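The block underneath contains the structure these notes are about, expressed in structure tokens.
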Amino acid sequence: MRRLPLAIFAALTLASGAAQAAPALMAPINQSVPINLPRGTRDVLIGNPAIADVNVLDSGKAVILGKGYGVTNIVVIDQLGRTVMNRQVVVAAPTGNVTVIRGAKSADYACATRCERADGAAPTADRAPTDGGDTPR
């Protein structure tokens, strides 16, 4: 009777270890992420092409393009028809810097939880984003 819960715990532990071995691929929206393909790759498929697209460069490299927000997967099939890779692809908003260009002037903003001037300068009347739609997000 005690063996069944122990077997279930062991199976879940092994499954969570396998999930950690292959973390999700993060692809920012409208940006590309290069990936290495396993040796012997024959076919590369994307679960939902509205979320991400894949371009195979050669037998060992491909590029994933984030097309729409969401989660899908990439499946790689080898020459024997076996699935050699099945990873989750998460397409989300890019993190990092955003550049706002107004005429000849530009300002860099670091955006994580909220956008702030990347150079640390305090906003001034000519530097402050307006509510006219050009506020960095």
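The numbers here are math on the coordinates, done by the rules we state, and not lab data. For clarity, every value in this text was computed on a predicted model and none was experimentally measured. Methodologically, a virtual Cβ is constructed for each residue, glycine included, from the backbone with ideal geometry; neighbour enumeration extends over all protein chains shown.
Placing R0 at 22 angstrom, the Cβ-Cβ distance between Thr83 and Val56 gives a FRET efficiency of 0.85 after rounding to 0.05.
Sorted ascending by nearby beta carbons within 10 Å, beginning with the fewest, Lys67, Lys105, Lys61 become Lys105, Lys61, Lys67. Residues Thr83, Thr72, ranked from the fewest to the most other C-beta atoms within 10 Å, line up as Thr83, Thr72. Distant-in-sequence amide contacts of Met85, defined by a placed amide H-H separation under 5 Å and a gap of 5 or more residues or a different chain, comprise Val76.
Going by neighbour counts of Cβ atoms within 10 Å, the residues Leu45, Leu80, Leu25 line up, fewest first, as Leu80, Leu45, Leu25.
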